[in-house]
1. Which ³J(HN,Hα) values, rounded to whole Hz and listed in residue order, are derived for the range 767-778 from phi using the Karplus coefficients 6.51, -1.76 and 1.60 in 6.51 cos²θ - 1.76 cosθ + 1.60 with θ = phi - 60°, glycine and proline given as x?
2. Could you calculate the FRET efficiency of Trp329 with Leu273 from 1/(1 + (r/R0)^6), where r is the beta carbon distance between them and R0 is 22 Å, rounded to 0.05?
3. How much length is gained on full extension from His688 to Asn608, taking 0.36 nm per residue of separation minus their Cα-Cα distance?
4. So if we plug the beta-carbon distance of Asn695 and Asp173 into 1/(1 + (r/R0)^6) with R0 = 51 Å, what FRET efficiency do we get, rounded to 0.05?
5. Going by amide H atoms built from the backbone, whose H comes under 5 Å of the H on Lys798, apart from near neighbours?
6. Go ahead and estimate [θ] at 222 nm for the chain from helices alone: -39,500 (n - 2.57) per DSSP H run with n ≥ 4, summed, over the residue count, rounded to 500.
7. Measure off 7 Å from each Cα along the Cα-to-Cβ vector at Glu247 and Arg448, then give the distance between these two points in nanometres to one decimal.
8. What helices does the chain hold that run 24 Å or longer along their axis, going by alpha-carbon atoms, with a Kyte-Doolittle average of -0.5 or more, using DSSP H for the helix calls?
Amino acid sequence: MFLRLLSDVRWWTASPRWRSTSSFRHMTTSAAEPPPVSLPAQAQVVICGGGIVGTSIAYHLSKLGWKDIVLLEQGRLAAGSTRFCAGIVSTVRHLSIELKMADYSNKLYEQLEQETGIKTGYVKTGSISLAQTQDRLISLKRIASRLSVMGIPCEIMAPKRVAQLHPLINIHDLVGAMYVPEDAVVSSADVSLALANAASRNGVQIHERTSISHVMVQKGFVTGVETDRGQIECQYFVNCAGQWAYELGLSSEEPVSIPLHGCEHFYLLTRPLKKPLESNTPTIVDPDGRIYIRSWQGGILSGGFEKNPKPIFTEGRNQLEIQNLHEDWDHFEPLLSSLLRRMPRLEALEIMQLVNCPESFTPDMRCIMGESPTVQGYFVLAGMNSAGTSFGGGAGKYLAEWMVNGCPSENVWPLDLKRFGALQSSRTFLRHRVMEVMPLIYDLKVPRWDFQTGRQLRTSPLYDRLDAQGARWMEKHGFERPKYFVPPGKDLLALDQSKTFYKPDWFDIVGSEVKCCKEAVCVIDMSSFTKFEISSTGDQALEFLQYLFSNDLDVPVGHIVHTGMLNEEGGYENDCSIARLNKRSFFMISPTDQQVHCWAWLKKHMPNDSNLLLEDVTWKYTALNLIGPRAVDVLSELSYVPMTPEHFPSLFCKEMSVGYANGIRVMSMTHTGEPGFMLYIPIEYALHVYNELMNVGQKYGIRNAGYYALRSLRIEKFFAFWGQDLDTFTTPLECGREFRVKLDKGTDFIGRDALMQQKQDGVCKRFTMFILEDHDTDLDLWPWWGEPIYRNGHYVGKTTSSAYSYTLERHVCLGFVQNFDEETREVLLVTPDFINRGEYEIDIAGQRFQAKAKLYPFSSLFTQRRRKDEMELSGYHGK
């Protein structure tokens, strides 16, 4: 029966009959089409791209009051990828910001027809995500717990319930499913036309058949665009060119890197069933089978994300409107087989068309949004990873807010263009990475998984040495970083392939590294940290940094200051450490993935005619973290200099010799709260210094350690990290860092007014530590991040970081607690008393665990625990 279906398929697609019936074909242009309207000479905003993304931005900008907007489309509106979208609107997302975008899109599309009078094909079908394995079901339960606290109805259900909701589904191999009743389907092209219609009514000018050749830039600012119909002067440009966003970015006078790449994406359309499928039949997502299925004109539309995708357009632009690419039934066969296993009764159903359309994918499966780090006024929204319909409405809203207000209303850092650097724009890298990304959309993503392509791109000089000693690697911003070190005799293959939501196989390895950090000495290669030097001929460097940073940097030479760069609202744009090298020079250390964002923020605020010099020296220094109580002994022996606190106080920086190497910047800090030193070593000395440390350290029990140990240490010490715990919406007062802010110094800095007001009014969220009380580390699911926090049975926030504390022998979660009025949901003040008086639970995949909330670091807890142990011991001996 299966082979007959394939032959039927080939017969139908060879026949011209389907060509006349397919609504996905572009309509022919009338011979009487009127001549195009001339372009305006200038506008405030020019948007490139007339798909669902570009029209959404135009719609939302006009709603926010901007009217002087021109949208240019090289072909016809909605004639690119938007025309081929499957039209599924789903809120089933792992990332919080993606979930919010999809939820907003769903609500927008639901009312769009009433607003514009244009039919959008919106039908609230609901969606059912299937689980063939227990791990997949756990993943769905984790998503369900997040949907519930967002107010999105969802239900984890048994296979029998799936059969009731969708009788055609074969449930024999299912262990469960998740039902989201408010998910929907639309006609993406019609949604785009409705958005364009509404924008046009609000004053937006829309011009089809107009191609942009390049964006004009002067002194780092957008000044206009050059088109095949003339120039338009503008202040803002928005690149929504989809497949062609990469090429368009590079064609600017100042190139803008937009890392995305196209892949062929397949789905089939069938003729109606004998009993036509109802339009409100739930959409099916079978990620273990790699397919999705939705109702379409009484039949079905079904596609998927195969394991062996086909990249396209690596050589660049080669066509205007995206035409239907060649059918490839051999390539689609695994997805077709999966469809027939899931819906066996379709075997005799007639196929109308196999659609092959291009979709653009990004290196990390997240869309690209935001302002260029090199050209002010150049904004991007592209690379939707086959989720343009789900994200189009919400993403357009956030980018419009960004342009009008200077920032969006939500934390969009996971989507920010500045999370990428030029290193991710290699066409070879992108081609290989998207071949991995496309299958990952439906792959099971357990905690701490890593990309396998595009690796060993940025490495420390010690990479080979550490790799030979058992290092297992993770990648951050293209930089290889050690996770942990596998001891000799361990099964390396089994350890690399272990993936679980439960206790991981590396648990004991990391535990031994943590123990060594606390009792002896460890070395962690942290070379990936972003490193800048800021200097001047006079006092300009100090004046500039005093205005940009919230802590006081007017400190004696050699002192280190932990501080943040804040925005006007007092939120963290960056969290870093700065060492004053001399009166006119500063050394800045920031998180790895802040390299582009940090540089752009500094350059944006630098005076144009100043004597300031800003240099990125990340590549110049290898950074070694020497952690543990015996670090003092190792370094003293290598430098012949006393390194005790009396001679080398905490948060102090000094250039010194280590072994034969001169000019090593030694800092008394470890980013963990443990004793030790950071060594910033000129790269040519890296191998020598490392060898000396390991040789001398042997007698002190030295060993290598990785970032998993670092994570455990910093979380149990209540240290917040930017990008995980801190973001642009978090202020120092909300995370217990008021002592790092110079509010009483009389010195102005960005964000000061907002913090002064917040100090007067009080905070509405507070960074809190949670210790899981009734959690079995060996048997229970682990917390990783993003778990809902409940206080007295009511949702108050979510975790931002989690780790096992080998010291307390408990899991520790960090997160923010908010206070909502139970009836109005109004946000209220959060006081220390509010935190301390609550009974807390952490929801892990639907199961709640009791937790104890703390507002102070673990050092106090360790003291209490030791005293308790001593009392118990003394009581025992007394007996």
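The values are calculated or read from the model by the stated rules, or taken from the named source; none is laboratory data. For clarity, every value in this text was computed on a predicted model and none was experimentally measured. All Cβ positions, glycine included, derive from the backbone under ideal geometry; neighbour counts span all protein chains shown. With ligands, DNA and RNA removed, areas are computed over all heavy atoms of the protein, side chains included. Shrake-Rupley method; radii C 1.70, N 1.55, O 1.52, S 1.80 Å.
1. After applying 6.51 cos²θ - 1.76 cosθ + 1.60, I find 5, 9, 9, 10, 10, 5, 9, 10, 9, 8, 4, 7 Hz.
2. Once rounded, the FRET efficiency stands at 0.55.
3. Full extension from His688 to Asn608 adds 24.7 nm.
4. The formula returns an efficiency of 0.35 here.
5. Under 5 Å from the amide H of Lys798 lie the amide H atoms of Ile789, Phe816, each far enough along the sequence or on another chain.
6. So the helix-based figure for the chain works out to -9000 deg cm²/dmol.
7. 4.4
8. 388-405
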